[in-house]
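Please read the structure below before turning to the comments.
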Amino acid sequence: MKKEKIPFWRDGKVIAIAGQVLVVLMLLIILGVLGNNLIRNYQQLNIKFGFEFLSRPASFDIGNAPISFSSHDSFMKALLVGLLNTGRVTIFGIILATGLGITVGIARLADNWLVRFLATIYVETFRNTPLLLQLFCWYFAFFLQLPPIENPVVIPGPIFLTNRGLDIPWPAGTTQTWLGLAWVVLSVIFAIILWGRRMKVIVEKSESGQLFQGIIIILSLTTIIALVFGLDWRVPQLKEEVIQGGINLSTEFATLLVGLTVYTAAFIAEVVRAGIQSVNKGQWEAGRALGLNYSNLMQLIIFPQALRMMIPPLTSEFLNLTKNSSLAIATGYSDVYAVSQTTLTQTGKDIEMVLLVMTTYLTINMVTSFAMNWLNRSVQIKE
């Protein structure tokens with residue numbers, strides 16, 4: 001018996017495709033109307049759309065510039081300086097927030113009641129207060145209240161805390177420094193490769209992997225020696241009421257970095273806690289039955305499984321940190337958003353600047369997402 005053909009207006013697949021086409025057409029119509037209004041408004045105001053203004057002199061200075069910049073340089077270079085400032089606070093913020101978040105997340109599960117209580121207070125306090133308010137507190141209540149440069153707070157290292165920021169040791173750009181950094185990078189790469197081989201030997205051959213562990217320890221020690229003695233460090237010193245040597249982290253940069261780190265770490269801590277608690281209790285019991293101590297149990301069994309759960313939400317937190325860095329304008333730090341606002345005010349190119357800033361943050365977040373997705377694929381179970 002021949003099967004009766006369903007009319008296309010009742011076919012589920014056809015209806016689904018037609019709905020998608022209709023949505024796309026509606027979006028195109030809306031974009032067309034908005035674009036047409038934009039073109040007409042530009043014509044009425046006698047304004048030309050374009051990015052030729054980027055080659056004109058900026059006519060303003062930028063603080064915290066990581067590269068040389070003057071008011072005679074172009075708007076393009078000004079935006080580059082802002083992008084580098086955003087990159088600095090984003091990269092350091094992600095590294096510091098991840099370290100602090102993992103520490104607090106593990107502390108939330110500690111057996112010690114006091115440690116667990118303090119970690120809980122930290123998380124609940126910083127997660128439930130606005131980031132902008134926290135930045136104002138760090139800026140006005142802490143960094144601006146530090147003593148003047150004539151009477152700095154000295155932390156062993158040495159690190160000088162004053163109301164003009166933090167002065168910390170920093171390596172000079174000499175041949176010795178570059179050779180030391182090259183050794184550090186190579187040591188880290190070799191250590192990661194050896195760590196992967198060690199885990200493979202432990203899992204597949206049930207061996208201890210002590211040889212790999214010994215080599216990793218030696219590489220770690222040589223890396224520490226290279227960092228301490230191999231780099232040509234310039235230590236800040238107070239001479240005649242002037243701090244010389246090292247590098248100065250301005251009050252604005254320090255405020256934004258500390259604020260983003262402490263705020264984001266509170267969210268990362270909850271991600272870590274949830275990831276560890278998602279591992280089945282049987283895994284803990286099996287590890288203890290094998291005689292593993294807490295450190296090896298966490299390192300070999302619990303944390304690798306929890307990592308598969310943690311990476312996707314960690315990606316979201318890293319992206320949020322990047323976007324939250326745009327609040328730098330509230331503390332006077334010249335990130336790409338703050339520079340773009342100054343450029344917009346001087347040139348009147350509002351649409352062009354909005355497109356540039358959107359493209360910049362989109363590109364940064366896409367690169368971050370790509371890297372985290374690659375890491376996520378590398379830790380997933382291959383079936």
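Worth a mention:
- Breaking point among (1) out of contact with any Leu (no Cβ under 8 Å at 6 or more places or on another chain); (2) modelled with pLDDT of 90 or more, for LEU238: (2)
- Among all residues of region 222-244, there is at least one that is closer than 30 Å to LEU144 by Cβ and of a type in the set (Phe, Trp, Tyr).
- Boolean, GLY332 is touching a helix residue (DSSP H, G or I) at 6+ places or on another chain (Cβ under 7 Å) and among the small types (Gly, Ala, Ser): yes
- Test: ILE47 is more than 30 Å from SER316 (Cβ to Cβ), touching a Gly at 6+ places or on another chain (Cβ under 9 Å) and outside the structural domain of ALA265 (by TED's automatic domain parsing): yes
- Scope region 338-383; condition surrounded by fewer than 17 Cβ atoms within 10 Å (Cβ to Cβ) and either among the charged types (D, E, K, R) or outside any helix (DSSP H, G or I) (or both); matching residues: GLY348, ASP350, ARG377, GLN380, ILE381, LYS382, GLU383
- Odd one out for SER295, checked against (1) of a type in the set (Ser, Thr, Tyr); (2) surrounded by 13 or more Cβ atoms within 10 Å (Cβ to Cβ); (3) part of a helix (DSSP H, G or I): (2)
- The test for being within 24 Å of LEU135 (Cα to Cα), touching a residue at least 24 places away in the same chain (Cβ under 8 Å) and not charged (D, E, K, R) does not hold for THR347.
Yes/no matrix, rows are residues, columns are (1) under 23 Å from LEU297 (Cβ atoms); (2) in contact (Cβ under 8 Å) with a residue 60 or more places away in the chain; (3) within 21 Å of the chain's Cα centre (by Cα):
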| site | (1), (2), (3) |
| --- | --- |
| PHE92 | no, yes, yes |
| LEU96 | no, yes, yes |
| ILE106 | yes, yes, yes |
| ASP111 | yes, no, no |
| ARG116 | yes, no, no |
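- Close contacts from region 234-250, counting a first residue that is in contact (Cβ under 8 Å) with a residue 24 or more places away in the chain and outside any loop (DSSP other than H, G, I, E, B) and a second that is exposed (fewer than 12 other Cβ atoms within 10 Å of the Cβ) and not small (Gly, Ala, Ser), with Cβ to Cβ under 9 Å and a gap of 6+ residues or different chains, come to LEU238/GLU150.
- Matching residues, region 291-311, being closer than 21 Å to ASN373 by Cα and touching a residue at least 40 places away in the same chain (Cβ under 8 Å): PRO304, LEU307, ARG308, ILE311
- Qualifying residue in region 204-212 (condition: surrounded by 15 or more Cβ atoms within 10 Å (Cβ to Cβ) and either assigned to a helix (DSSP H, G or I) or in the same structural domain as LEU260 (by TED's automatic domain parsing) (or both)): yes
- If you go through region 350-383 and keep only what is touching a residue at least 24 places away in the same chain (Cβ under 8 Å) and under 16 Å from the mean Cα position of the chain (by Cα), you end up with THR360, TYR361, ILE364, ASN365, THR368, SER369, MET372, ASN373, LEU375.
- Among the conditions (1) under 30 Å from GLY82 (Cβ atoms); (2) surrounded by 16 or more Cβ atoms within 10 Å (Cβ to Cβ); (3) out of contact with any Leu (no Cβ under 6 Å at 6 or more places or on another chain), the only one that GLN244 does not satisfy is (2).
- When region 84-133 is filtered for residues that are surrounded by fewer than 17 Cβ atoms within 10 Å (Cβ to Cβ) and of a type in the set (S, T, N, Q), the ones remaining, listed by number, are THR103, ASN112, THR120, THR125, ASN128, THR129.
The values are calculated or read from the model by the stated rules, or taken from the named source; none is laboratory data. A quick note: this is a predicted structure, and the numbers were derived from the prediction, not measured. We place every Cβ from the backbone using ideal geometry, glycine too, and count neighbours over all the protein chains shown.
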